[in-house]
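Taking it in order: structure first as structure tokens, then the write-up.
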């Protein structure tokens with residue numbers, strides 16, 4: 001299983017350093033016969049790669065921000081307050097988590113068309129945020145269930161407002177769960193194609209394409225530059241790898257504890 005998981009990654013990396021003559025054959029090459037950096041040079045100089053990456057970072061960053069705000073506030077309300085419809089809301093979150101997002105493509109299109117948000121990065125942010133907030137809200141809520149409510153009560157007795165108790169007590173203690181929510185929502189749109197193509201239309205060749213749509217636009221009816229494809233894929237994987245590397249401690253802790261129910 002490790003071979004099937006890691007070999008495609010290795011092949012893409014070595015293909016990014018290989019010449020075209022190595023890629024248009026049926027022979028398996030573990031190492032590039034003709035090592036070259038031409039694919040990386042072409043990706044940066046002849047294609048709007050930085051623009052695509054910038055659009056992707058903007059969409060994913062805003063998605064993480066919106067998803068984090070909505071999921072944290074919703075999770076805190078579900079974990080700390082008892083109100084009419086609370087159990088129904090929890091069941092609805094589970095139902096939404098099980099609902100395939102691709103089945104909502106038509107509804108998304110009609111909604112965004114009504115709001116005049118087609119071919120707009122903001123429309124993509126709203127869809128990604130709505131899709132990610134379900135898991136993040138449930139995971140964060142379960143994590144908050146494990147935090148002692150006495151800490152907040154003590155802060156309230158000392159004169160703090162509920163908002164101050166939430167900001168200065170709950171949020172610092174919930175850092176691992178917040179890291180999971182932020183990372184999950186950020187990753188939601190990083191390599192996603194179907195929804196991005198629905199909203200932005202990869203065939204339009206506009207300046208607002210995300211990275212995955214930009215790669216798709218490179219293909220033609222006669223030839224696809226697989227070397228540039230591979231080089232660009234390696235480049236766009238690096239930011240996410242760095243984020244995982246620096247946030248893995250919070251990610252493991254928040255995901256493990258958020259998955260445990262009292």
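Among the residues of region 199-221, is there at least one that is at pLDDT 75 or above, out of contact with any helix residue (DSSP H, G or I) (no Cβ under 8 Å at 6 or more places or on another chain) and in a helix (DSSP H, G or I)?
No: region 199-221 contains no residue that is at pLDDT 75 or above, out of contact with any helix residue (DSSP H, G or I) (no Cβ under 8 Å at 6 or more places or on another chain) and in a helix (DSSP H, G or I).
Pick out the one residue from 135, 166, 186 that is farther than 30 Å from residue 101 by Cβ, in contact (Cβ under 8 Å) with a residue 40 or more places away in the chain and in a helix (DSSP H, G or I).
One residue alone meets the criteria, 166.
Just one of 124, 118 is touching a helix residue (DSSP H, G or I) at 6+ places or on another chain (Cβ under 7 Å) and not in a helix (DSSP H, G or I); which is it?
None of the others qualify; the one that does is 118.
From the list 130, 160, which one is surrounded by fewer than 19 Cβ atoms within 10 Å (Cβ to Cβ), out of contact with any strand residue (DSSP E or B) (no Cβ under 8 Å at 6 or more places or on another chain) and in a helix (DSSP H, G or I)?
130
Would you call residue 16 under 27 Å from the mean Cα position of the chain (by Cα) and at pLDDT 85 or above?
No; evaluated as a whole, the condition is false for this residue.
Residues 64, 107: which one is at pLDDT 85 or above and crowded, with 20+ Cβ neighbours inside 10 Å?
Answer to the selection: 64.
The values are calculated or read from the model by the stated rules, or taken from the named source; none is laboratory data. Keep in mind that this is a model prediction, so the values were computed, not measured. FYI the Cβ positions are ideal-geometry reconstructions off the backbone, even for glycines, and counts take in every protein chain you see.
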